[in-house]
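Peer 1: There's a structure below that I have some questions on.
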Amino acid sequence: MSKEAIPLLVADITPFARALSLQLKEADALPSHLGLLNMLARAAGFRNYQHMRASGSAKARLEDPALPADFKRVEKTLQQFDAAGRLIRWPSKRYVQELCLWALWSQVPRGEVMQERDVNGLLNKAHLFEDAAILRRSLIGQKLVSRNADGTDYRRIEQTPPTDAIAVIRAVSARRS
């Protein structure tokens, strides 16, 4: 049985070589085959070889080679959304919650001042578990949405999402279309 090819692309070879060199210096003896694979993966920014492999497989499944994201995290996050792009449940993992919030943030109109009932209405259309308050508070806590001290006048905070969030936003938007 043939092995699956796992491409390794690094943006800059200098930090990659430096990280690999440091790991080799720390090793007492020559590393095993798996040890060397783990060192290469860590030098490329992954936790280990399995993480690099899982990220590559998820990336292939998502078919978006343009984004340098952790596609395993993106894939886990997308499991929280239904076919229509609505959030099914509030995830337990923090990083999944954050990526879900970015998808919701993308639905808040730019530059528009909204009242709490308008934000709740928008969020109620975007999820299925009937708890707009947790989503609203989380968006504020994550500094994706701001509000006045008295709880009125909600506004989206414009910023550039991280690459993982961009991948989630694109996939969820495609489901909504």
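Peer 1: Given Cα pairs under 8 Å that are at least 6 residues apart, what percent is the relative contact order of the chain?
Peer 2: After rounding, I find 20 percent.
Peer 1: Which FRET efficiency value, to the nearest 0.05, is calculated for F129 and T152 with the Förster distance at 22 angstrom and r the Cβ-Cβ distance?
Peer 2: Details: r = 25 Å, r/R0 = 1.15.
Using R0 = 22 Å, I get an efficiency of 0.30.
Peer 1: Report, to the nearest 10°, how far helix 132-141 tilts away from the longest principal axis of the Cα atoms in the chain, using its own Cα long axis and a range of 0 to 90°.
Peer 2: Once rounded, one gets 60 degrees.
Peer 1: Rg to Rh ratio, the stretch 1-42, alpha-carbon atoms and Kirkwood radius?
Peer 2: 1.03
Peer 1: Grab the other residues whose beta carbon is less than 9 angstrom from that of R156, score K and R as +1, D and E as -1, and report the net.
Peer 2: 0
Peer 1: Could you list the residues of the stretch 144-174 with an amide nitrogen less than 16 Å from a label point located 7 Å from the Cα of Q79 in the Cα-to-C-beta direction?
Peer 2: Answer for the stretch 144-174: none.
Peer 1: Something else now. Quick one: pull the percent of accessible area on the stretch 1-59 belonging to carbon and sulfur, 1.4 Å probe, ligands and nucleic acids left out.
Peer 2: Looking at the stretch 1-59 in its full context, I get 60 percent from C and S.
Peer 1: Tell me, what is the per residue accessible area of the chain in Å², probe radius 1.4 Å?
Peer 2: Averaged over the residues of the chain, the accessible area is 61 Å².
Peer 1: Taking GluC sites (Glu not before Pro) that fall in a DSSP loop and have at most 16 other Cβ atoms within 10 Å as cut points, what is the longest piece of the chain between them?
Peer 2: That would be 5-62.
Peer 1: Pick from T160, T152, T77: which residue has the top mean-square fluctuation in a GNM of the chain where Cα pairs under 10 Å get a spring?
Peer 2: Taking springs between Cα atoms under 10 Å, the residue moving most is T160.
Peer 1: Take the eigenvalues of the Cα gyration tensor for the stretch 9-141, scale each by 5, and report the square roots as semi-axes in whole Å, largest first.
Peer 2: Gyration-tensor ellipsoid for the stretch 9-141: 40, 15, 13 Å.
Peer 1: Taking trypsin sites (Lys or Arg not before Pro) that fall in a DSSP loop and have at most 10 other Cβ atoms within 10 Å as cut points, what is the longest piece of the chain between them?
Peer 2: Between exposed loop sites, the widest span is 4-109.
Peer 1: I'd like the orientation of helix 49-62 relative to the chain: the angle between its Cα long axis and the longest Cα principal axis, in ° from 0 to 90, rounded to 10.
Peer 2: For 49-62 against the chain, the angle is about 50 degrees.
Peer 1: OK, next. Strictly greater than 16 Å: what percent of every Cα pair in the stretch 71-177 meets that? Display every interim value, and only then the final one.
Peer 2: Working: 3004 of 5671 pairs.
Considering the stretch 71-177, 53 percent of its Cα-Cα pairs are separated by more than 16 Å.
Peer 1: I'd like the orientation of helix 13-26 relative to the chain: the angle between its Cα long axis and the longest Cα principal axis, in ° from 0 to 90, rounded to 10.
Peer 2: Relative to the chain, helix 13-26 is tipped by roughly 60 degrees.
Peer 1: Once you've got the GNM for the chain with C-alpha springs shorter than 10 Å, pick whichever of L139, L128, L34 has the biggest mean-square fluctuation.
Peer 2: L34
The values are calculated or read from the model by the stated rules, or taken from the named source; none is laboratory data. Just so it is clear, the model here is predicted, and its values are computed rather than measured. Don't worry about glycine lacking a Cβ; one is built from the backbone with ideal geometry, like all the others, and counts go over all protein chains shown. To get the accessible areas, we keep the full protein, side chains included, count just its heavy atoms, and leave off ligands, DNA and RNA. Shrake-Rupley method; radii C 1.70, N 1.55, O 1.52, S 1.80 Å.
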